[in-house]
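Engineer: Sharing a structure with you now.
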Amino acid sequence: VLFRSGTVGDTTLHVSGMPVFHPGENAVLFVESSGTFSTVVGLTQGKFDVNQGSVENAVKDLQFLDGKPSRAVRMPLEQFKNQIRSILGVQR
């Protein structure tokens, strides 16, 4: 997966809306092909941090054109995976 943000030496490029990654963190990512590379779907909305058996996406600072507020998703990891399987029609 290629990201349009990152750090090389002392220089950091952060693209507004792109998720931020930290060494050693665990996350569930939704990615899509975009030409010759893949990127996170929906920018920050497509990254779900995994902490203590739960997932949560960090969307509190996102602003949408329709003016509606962003809503973070937070739930147990197993429930999250089961919902994804259900949507995809995958049996466990």
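Engineer: Out of segment 32-59, which residues are part of a loop (DSSP other than H, G, I, E, B), within 17 Å of Ser16 (Cβ to Cβ) and of a type outside the set (Val, Ile, Thr)?
Structural biologist: Matches in segment 32-59: Gly42, Asn57, Ala58.
Engineer: Of all the residues that make up segment 9-31, how many are of a type outside the set (Ser, Thr, Tyr), part of a strand (DSSP E or B) and open to solvent by 90 Å² or more (accessible area, probe 1.4 Å)? Steps first, please.
Structural biologist: Start the filter on segment 9-31 by keeping residues that are of a type outside the set (Ser, Thr, Tyr), which leaves 9-10, 13-15, 17-31.
Filter again for part of a strand (DSSP E or B), leaving 13, 27-29, 31.
Adding the requirement that they be open to solvent by 90 Å² or more (accessible area, probe 1.4 Å) leaves 13.
Final tally of qualifying residues: 1.
Engineer: Quick check on segment 67-81. Is at least one of its residues within 21 Å of Gly6 (Cα to Cα) and open to solvent by less than 70 Å² (accessible area, probe 1.4 Å)?
Structural biologist: Looking through segment 67-81, none of the residues is within 21 Å of Gly6 (Cα to Cα) and open to solvent by less than 70 Å² (accessible area, probe 1.4 Å).
Engineer: When Ile87 is evaluated against the numbered criteria (1) surrounded by 13 or more Cβ atoms within 10 Å (Cβ to Cβ); (2) modelled with pLDDT of 90 or more, which criterion, by number, is the only one it fails?
Structural biologist: (1)
Engineer: Can you tell me which residue within segment 34-55, out of those that are more than 9 Å from the chain's Cα centre (by Cα) and modelled with pLDDT of 85 or more, is surrounded by the fewest Cβ atoms within 10 Å (Cβ to Cβ)?
Structural biologist: Here is the first cut: in segment 34-55, the ones more than 9 Å from the chain's Cα centre (by Cα) are 34-39, 50-55.
If we keep only those that are modelled with pLDDT of 85 or more as well, we get 50-55.
Numbers: Val50: 14, Asn51: 12, Gln52: 6, Gly53: 8, Ser54: 15, Val55: 21.
Applying the filter and picking the extreme gives Gln52.
The values are calculated or read from the model by the stated rules, or taken from the named source; none is laboratory data. Keep in mind that this is a model prediction, so the values were computed, not measured. Here the Cβ is made from the backbone with ideal geometry for all residues, glycine too, and neighbour counts use every protein chain on show. SASA here: full protein model, heavy atoms, side chains in, ligands and nucleic acids out. Shrake-Rupley method; radii C 1.70, N 1.55, O 1.52, S 1.80 Å.
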